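Asker: One structure coming up, written as structure tokens, with questions to follow.
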Amino acid sequence: MSDAPPDLKRSIWRRNFTFLAFCLIASSAVIGSLWSTKPLPAPSSFDADDYEELDFQKVVGEIDFQFDRHWATNKINPVQQADSLLLARRLSLGLTGTVPSFEEIKALEETKEEDRVQWWLSRLFEDRRYSDYLAERLARAYVGVENGPFLVFRRRRMVDWISEEIQQNQPYDKIAKALIASEGTWTTQPQANFITATIDQNEDKGPDEIKLAARLTRAFLGVRIDCVQCHDDMFGDRWKQKDFHQLAAFFGEAEVSFSGVRDNEKNMYEYRYRRTPEKQKVLPIVPFSNELLPEEGKLRERLATWVTHPLNRPFSRTIVNRIWALMFNQPLVPTIDSIPLEGPYPPAMEVLVDDLIAHRFDLQRLIRVIASTKAFQLDSKSADENYPITREHEEHWASYPLTRLRPEQVVGGLIQATSLRTINAEAHIIPKLQRFFSQGEFLKRYGDFGADEFGEQAGTIPQRLLMMNGKLVREKTENNIFLNATARIGALAPTDRKAVEAIYLCVLTRRPTPEEYQAFVPAIEGLKGDERHVAIGDICWALLNSTEFAWNH
Amino acid sequence: MKTHEHIGCGSSDHFSRRTLLKAAGVSSLSFLTPLGDLLAVKGEKEKDRQKSVIVLWLAGGPSQVETFDPHPGKPVAFGSSAIKTAVKDIQIGSGLPQTAELMNDLSIIRSVTSKEGDHERATYNMKTGYRPNPSIVHASMGSIITHELPDPSVEIPTHVSILPNQWPARGGYLGAEYDAFQVGDPKGPVSDVKLQVEPERDQRRSKNLALVERAFARGRYQDLDKEKTLHRVTMGKARRMMNSDQLKAFDVSSAPASELNPFGDTPFGRGCFAALRLVESGVRCVEVTLNGWDTHTNNHEQQGERIKVLDPALSSLIKALKVRGLYDDTVVVCGGEFGRTPILNAVDGRDHWPHGFSIALGGGGIKGGRVIGATDPAGIKEEPEDKVKVEDVHCTILTALGINPEKEVMTGVGRPMMFSEGFEIEGLLG
């Protein structure tokens, strides 16, 4: 180029300079946008008036009244109300298995304080993460987590089908009915996998009536009649062995062929009871509320109609208890799938059941009602340190219960907490892919609770090791401005105070306490480059390893 | 009742100066480095040695005919041969010459039966002694042993799974803290136990964490950690493990070649060597998995490849346990979730067979040189002679370890559960 004419040299330099300037402008725009995020669109389904209506307020008021009475009877004072950011965190963890993103928190804070809970719920209901997450939780109750029989069981398809139904807010009784009475192949009629999941290919038998009856009673009726499959109940006289097998007999006609699941009237369930020499044919009889059973139809259709009948209240109680468990991380009736048939029931249960039935098994309404109750909105700590929370508070729902996050909530929270942007269906492919791959590996090592999700689980040493020294936490707190919140915050936060605040919002969905500001702002003050990043990363590490991050509160 | 009893960590004669100094370095952070605990128990005397179990888990279902139940020249053999062993009248598969020499130390049950022919369900069945049931997750044998035989001098997890496949042993109703601690090929250090930052930075992180914990604890219980979360207690145990010299037992890379080589230069061989060292350190149950036994095609060739890996590892493990005086206190069990069909299929494979398959076991008070049960050499009769149920194997091993198999634990679902519902196998215990 040294021999080129001066005009050409100038032209080349001009071109290079223009290109360089363009790159600088473009990269600063990209990096700038990483911090100052676009305002999120308001959820289209949100209308504040819906929740002001008398009908909605009356139900919430009745539940609050029942709890007030319960607390007065037990001489316990409920704690103060939690702030809206904490409520949003609980809802996100319970309904999507992750925490609110930085940009979502900013959007939430721009809405009116009194609208925030319902606004947030509208946003979650429009987010595919909600239906996917709820579908997986329900599927665990329906078919467990096992891979199941080869080829004839497609768990993923079934979960996707449930998710689609939930996304459309289909009535819950319709979903349950479709699963119980499903026909067709496991690929084209994914709900049929509820039946095919029980096939024992080794025994070369069709659907297993015993497994189906066990799943059905627990998942849809909240009773454990399967405990008496081998003998009458030794701990009470409620259930007899016959109750279980007569219920199982409703699946006796089901068979599986190349055309999928179907019913064949020639099939009949047989069982050898204790102390009887041979198998005998078992007649299909429901264990209670026989008057609700239709007289005509295929056995499974009759069963499905009976199970989901509006007057068959155990069905409604079961889903109320499960949704409550998702939102509080623990069920209203302590054992999720064992709800007494005749009561007594804790406050809220029967009101929620009435409302669910009156609103045609609308799950979104059920969630909205629960989220509006005083019990859900209570803090998990006492404002008066001299009178801290006690076990009695949690036992009586006089404070929001402190519960250990489930593994999928920990990894979901971890991945979201270390990104400023929301990682949902609309997110860029790179963070989505990263979430997909990281999640599986992390869960494998952290431990998955399987189908017994709401049982009390202890924390383990491998879990703490994974959080302290594991690859995912390390990667998520390292200096990567395109993928990690800590790096972006370090580089782009307008002030040190804002940087500390942003880390807290990302990880713990709250602002630091005065003591925390006082400790952490000076810790990063004046630091540049790597030193600054390391200091911010260390704050993030501490937040991720805290009890506050690992527990729902 | 979920038991919240924890695998104690505390005193150790392995307690090194290095560990003490490390602990002292951050002693202001008492919950992270429970120095007080460590010092308090330093002077404790070593307890009587308790028993342990090593499970060599042959995942996929080994063929009984090519391993411990050969029928040379009979219809089920399809060309498989056998060799004599140190015990007159007992033959095993010809691919196991080194194990054959140790037949006085091992017994074989050739008539194990179950009703589970699916890998996942059968694995559950074999590891817990119970068939899968939607109402409860049963406790694996390893978790029961860990629960029943705690050892406060052990600073590392006492239930370990080396090279686990997708279904390692679980704590089940005993709780996740009894799940097997999973590690890969022990040719290097265990993952996640190495501090990722310099000590100074680690100390800063710990101070940051202490501040966040203080803020969160306000207004929550008198002692949040003790009364509710045990978060910091568990973290303290993790820290103790990170600083423990016992961790070296997981890493065989620095072991003398003369000790390691006989086990075979394979991940499984190294796993067996690590299992030896872990048991020596006081670990209660180690499961070492060897995959690849699901031979639906080319059975003989594929089983043969696996057997080549198994033979040196199994035999060297028994020899080493004996040399170190540990065999009388360590039950060694070798088997998979089921066996394989007596006949070959169209592609020279053997399919799943839960109706009469073999496991080998010895040590820990189990007599050697015995054979229990027999299968039909013609492969016609499905049911073996002297049938042994899976739960009977569990009952026998628990009894050998001094654990009452009939002991009941109240589970979280309000249902009492016996450790085993089986019966002791006659003639195996001394």
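Computed from the coordinates by the stated procedures, all read-outs in this text should not be read as laboratory data. Quick caveat, the model's predicted, so the values are computed rather than measured. Backbone-built Cβ (ideal geometry, glycine too); neighbour counts: all protein chains shown.
Asker: Using the Cα centre of the range A:128-307 as the reference point, and only Cβ charges (+1 on K/R, -1 on D/E), how large is the resulting charge dipole? Debye, rounded to the nearest 20. Before the final figure, lay out each step's value.
Answerer: Numbers: 28 positive and 28 negative charges, 84 e Å.
The calculation lands at about 400 debye.
Asker: Ranked by Cβ crowding within 10 angstrom, fewest neighbours first, how are B:His138, B:His119 ordered?
Answerer: Values: B:His138 24, B:His119 21.
Exposure proxy ranking, most exposed first: B:His119, B:His138.
Asker: Residues of the range A:75-98 with the amide nitrogen closer than 16 Å to a label point 7 Å from the Cα of A:Asp68, along Cα-to-Cβ, please.
Answerer: The answer is A:75-81, whose backbone nitrogens lie closer than 16 Å to the label point.
Asker: For all pairs of alpha-carbon atoms in the range A:128-307, what percent lies in each bin of width 5 Å, listed from the first bin to the last filled one?
Answerer: Reading upward from the zero bin: 1, 8, 16, 21, 20, 16, 10, 5, 1, 0, 0.
Asker: Compute the signed sum of charges (Lys and Arg +1, Asp and Glu -1) over the other residues within less than 14 Å, Cβ to Cβ, of B:Ser107. Working shown, then result.
Answerer: Values: positive: B:Arg110, B:Lys367, B:Arg370; negative: B:Asp69, B:Asp89, B:Asp105, B:Asp386, B:Asp392, B:Glu424, B:Glu426.
It works out to a net charge of -4.
Asker: Measure nothing but the geometry: give the 0 to 90° angle between the long axis through the Cα atoms of A:54-73 and the longest principal axis through the Cα atoms of chain A, rounded to 10°.
Answerer: Helix A:54-73 and the main axis of chain A meet at about 80 degrees.
Asker: Roughly how many nanometres apart are two label points built 7 Å out from the Cα toward the Cβ at B:Arg218 and A:Lys205?
Answerer: Result: 6.1 nm between the two label points.
Asker: Right, here's the next one. Treating only the Cβ of Lys, Arg, Asp and Glu as charged (+1, +1, -1, -1), what charge dipole size does the protein assembly as shown show about its Cα centre? Round to the nearest 20 debye. Please list the in-between numbers first.
Answerer: Numbers: 120 positive and 134 negative charges, 430 e Å.
Roughly 2060 debye, rounded to the nearest 20.
Asker: On to the next question. Which pairs, out of B:Lys88/B:Lys381; A:Lys381/B:Lys228; A:Lys432/B:Lys194; A:Lys498/A:Lys528, put more than 19 Å between their alpha-carbon atoms?
Answerer: Going by Cα-Cα distance, B:Lys88/B:Lys381; A:Lys432/B:Lys194 fall outside the 19 Å limit.
Asker: Another question, if that's okay. Measure off 7 Å from each Cα along the Cα-to-Cβ vector at A:Asp49 and A:Arg156, then give the distance between these two points in nanometres to one decimal.
Answerer: Result for the modelled spin labels: 4.5 nm.
Asker: Right, another one. Pick out, from B:Gly142, B:Ala210, B:Trp353, the residue whose Cα sits farthest towards the positive end of the charge dipole of chain B, with +1 on the Cβ of Lys and Arg and -1 on the Cβ of Asp and Glu.
Answerer: B:Ala210
Asker: Run the quick spin-label model on B:Glu408 and B:Glu101: label points 7 Å from Cα toward the beta carbon, then report their separation in nm to one decimal.
Answerer: Calculated label separation equals 5.0 nm.
Asker: Additional query: Using the alpha-carbon atoms, what tilt in degrees (0 to 90, nearest 10) does helix A:116-125 show relative to the longest principal axis of chain A?
Answerer: Roughly 70 degrees between the two axes.
Asker: Which one of B:Ile109, A:Gln170, A:Asn290 has its Cα pushed farthest toward the positive end of the charge dipole of the protein assembly as shown, where Lys and Arg give +1 and Asp and Glu give -1 at the Cβ?
Answerer: B:Ile109
Asker: How many angstrom separate the Cα center of the range A:496-526 from the Cα center of the range B:353-414?
Answerer: Taking the Cα centre of each part, the range A:496-526 and the range B:353-414 sit 60 Å apart.
Asker: Over 18 Å between Cα atoms, which of A:Lys242/A:Lys266; B:Lys115/B:Lys389; A:Lys240/B:Lys115; A:Lys58/A:Lys374; A:Lys177/A:Lys205; A:Lys177/A:Lys240 qualify?
Answerer: On the way: A:Lys242/A:Lys266 22 Å; B:Lys115/B:Lys389 10 Å; A:Lys240/B:Lys115 26 Å; A:Lys58/A:Lys374 13 Å; A:Lys177/A:Lys205 24 Å; A:Lys177/A:Lys240 26 Å.
Table pairs above 18 Å Cα-Cα are A:Lys242/A:Lys266; A:Lys240/B:Lys115; A:Lys177/A:Lys205; A:Lys177/A:Lys240.
Asker: If you don't mind, there's one more thing I want to ask. If you take each beta carbon of peptide A:466-472 and count the beta carbons of other chains within 10 angstrom, what is the mean?
Answerer: Across the residues of A:466-472, the mean count of other-chain Cβ atoms within 10 Å is 5.
Asker: Show the residues, 5+ positions off or on another chain, whose built amide H is closer than 5 Å to the amide H of B:Ser52.
Answerer: B:Thr330, B:Val331
Asker: May I pose another question? Going by how many other beta carbons lie within 10 Å of each one, how would you line up A:Leu326, B:Leu326, fewest first? Kindly include the intermediate steps, with their values, before the conclusion.
Answerer: Details: A:Leu326 22, B:Leu326 19.
With the sparsest Cβ surroundings first, the list reads B:Leu326, A:Leu326.
Asker: If I build a Gaussian network model for chain B, linking alpha-carbon pairs within less than 10 angstrom, which residue out of B:Gly414, B:Gly129, B:Gly339 has the largest mean-square fluctuation?
Answerer: Comparing B:Gly414, B:Gly129, B:Gly339 in the GNM, the peak value goes to B:Gly414.
Asker: Anyone know which of B:Ala255, B:Ala374, B:Ala82 comes out most mobile in the 10 Å Cα GNM of chain B?
Answerer: B:Ala255
Asker: Which value at 222 nm does the protein assembly as shown reach when only helices count, each DSSP H run of 4 or more adding -39,500 (n - 2.57), with the total divided by all residues and rounded to the nearest 500 deg cm²/dmol?
Answerer: -13000 deg cm²/dmol
Asker: Sticking with this one: Would you mind working out the magnitude of the charge dipole of chain B relative to its Cα centre, with +1 at each Lys and Arg C-beta and -1 at each Asp and Glu C-beta, to the nearest 20 Debye? Let's see the in-between values first.
Answerer: On the way: 51 positive and 55 negative charges, 312 e Å.
Here chain B has a charge dipole of around 1500 debye.
Asker: Taking the convex hull of the Cα atoms, report for the range A:300-355 its projected area averaged over all directions, in nm².
Answerer: Values: hull surface 16.5 nm².
So the mean shadow area of the Cα hull is 4.1 nm².
Asker: Okay, next question. Which order do A:Glu110, B:Glu227 fall in if you start with the one that has the fewest other Cβ atoms within 10 Å? Write down the numbers at each step before the final one.
Answerer: Values: A:Glu110 11, B:Glu227 14.
In increasing order of surrounding Cβ atoms, one gets A:Glu110, B:Glu227.
Asker: What is the Cα coordinate range of the protein assembly as shown on the first, second and third principal axes, sorted by size from largest, in whole angstrom?
Answerer: Largest first, the protein assembly as shown extends 89, 83, 76 Å along its Cα principal axes.
Asker: Right, something else. If you line up the long axis of helix A:529-544 against the longest principal axis of chain A, both from Cα atoms, how many degrees apart are they, to the nearest 10?
Answerer: 20 degrees
Asker: What is the list of residues in the range A:500-522 whose amide nitrogen lies under 18 Å from a point 7 angstrom out from the Cα of A:Glu109, following Cα to Cβ?
Answerer: Answer for the range A:500-522: A:500-518, A:520-521.
Asker: Shifting gears a bit: Can you give the average number of partner chain beta-carbon atoms within 10 Å of each beta-carbon in peptide A:328-340, as a whole number? Could the numbers behind the result be given before it?
Answerer: Working: counts 0, 0, 0, 0, 0, 0, 1, 3, 0, 3, 3, 0, 0.
Whole-number average of other-chain Cβ neighbours for A:328-340 is 1.
Asker: Taking beta carbons within 10 Å but only from partner chains, what does the mean come to for residues B:170-183? Don't jump to the answer; show the numbers that get you there.
Answerer: Numbers: counts 2, 4, 2, 2, 1, 6, 14, 8, 2, 4, 1, 4, 4, 1.
Neighbouring Cβ atoms belonging to other protein chains average 4 per residue here.
Asker: Here's something else I'd like to know. Would you mind finding the longest exposed-site-free stretch of chain A, with exposed chymotrypsin sites (Phe, Trp or Tyr not before Pro) meaning DSSP loop and at most 12 other Cβ atoms within 10 Å? Intermediate values should be presented prior to the final figure.
Answerer: Numbers: sites that count: A:Phe150, A:Phe235, A:Phe258, A:Phe482.
The answer is A:259-481.
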